[in-house]
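Heads up: the structure comes next, in structure tokens.
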Amino acid sequence: MIDFSKIKSIYKLGRNLDLRDVQVLFSAAVKKSFDQGDYLFRQGSNSRMVYLINRGLVRTFKINERGEEISIKVFSEHQIVANVHALMFDQESEYNYECMEAVSVICIDYDQLQQIIDKHPKLEKNRKYILQRLLKESFKRVESFVLLNPEERYLKFIEDNPGLMNRVPNKYIANMLGITPVSLSRIRKRIAEKKR
């Protein structure tokens, strides 16, 4: 079952919406499950599906010209996953979206979602708010690489994602922080020593 209060608190939808509005939003959505290792989207995909994660983790990564996986982000429960390149720029996805665990979602085609939103002004206002929030998160990520050192980025990651530390392998966390797994181990050791 979807925890609508959790969704509202994360995306600040509760400010203007009631439960009926949220139910309208999900009226055309369907439940789906994916196994660990499945992909919601692959690099080069034009899919316009929008997923709300009910359970599980999805890792976004890109394969660079040297064939290396570069992890970008991990999405967890009550977060929205979409092929941003297809939805916003009508381009193929530059990223892979891989299930790191068994994942259950509620999904809807973006064009169907758009039709529902067009008929409900309160939903349209919140759609803009969510897009602004996503843009703000992107700016924060860029700022962290410019303004914070690796240890500060790690501490910020822990603060923002407390439940992910035991669910995401260190190599992916290090990759998202722009450091090597060896550097991540050193940072953790330094932090542990400071706490003694």
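The values are calculated or read from the model by the stated rules, or taken from the named source; none is laboratory data. This one's a predicted model, so the numbers in the text were calculated from it and none came from an experiment. Virtual Cβ from ideal backbone geometry, glycine too; neighbours counted across all protein chains shown. With ligands, DNA and RNA removed, areas are computed over all heavy atoms of the protein, side chains included. Shrake-Rupley method; radii C 1.70, N 1.55, O 1.52, S 1.80 Å.
Of all residues assigned to the range 111-128, at least one qualifies as being under 19 Å from Phe75 (Cβ atoms), part of a helix (DSSP H, G or I) and either among the small types (Gly, Ala, Ser) or without any contact (Cβ under 8 Å) to a residue 12 or more places away in the chain (or both).
Restricting to the range 73-123, name every residue that is within 14 Å of the chain's Cα centre (by Cα) and among the hydrophobic types (A, V, I, L, M, F, W, C). Of everything in the range 73-123, those that are within 14 Å of the chain's Cα centre (by Cα) and among the hydrophobic types (A, V, I, L, M, F, W, C) turn out to be Val74, Phe75, Ile80, Val81, Ala82, Val84, Cys99, Met100, Val103, Val105. For the range 156-196, the candidate set comprises residues that are in contact (Cβ under 8 Å) with a residue 40 or more places away in the chain and part of a loop (DSSP other than H, G, I, E, B); within that set, the residue that is surrounded by the most Cβ atoms within 10 Å (Cβ to Cβ) is Val168. Among residues of the range 131-155 that are farther than 18 Å from Leu184 by Cα and open to solvent by less than 100 Å² (accessible area, probe 1.4 Å), those with a beta-carbon under 9 Å from a residue that is at pLDDT below 80 and assigned to a helix (DSSP H, G or I) at least six positions away or on a different chain give the pairs Arg133/Tyr11. In this structure, Gly44 qualifies as in contact with a Ser or Thr (Cβ under 7 Å, 6 or more places away or on another chain), at pLDDT 90 or above and either part of a strand (DSSP E or B) or farther than 23 Å from Glu137 by Cβ (or both). Remark: pairs (first residue in the range 80-103, on the phi < 0 side of the Ramachandran plot and assigned to a strand (DSSP E or B); second residue open to solvent by 50 Å² or more (accessible area, probe 1.4 Å) and aromatic (Phe, Trp, Tyr); Cβ separation under 9 Å; 6+ apart in sequence or on different chains) = Asn96/Tyr39; Tyr97/Tyr39; Glu98/Tyr39; Cys99/Tyr39. Look at the range 43-55: where a residue is small (Gly, Ala, Ser) and a partner is part of a strand (DSSP E or B), sitting 6+ places away or on another chain with Cβ atoms under 6 Å, you get Ser47/Phe41.
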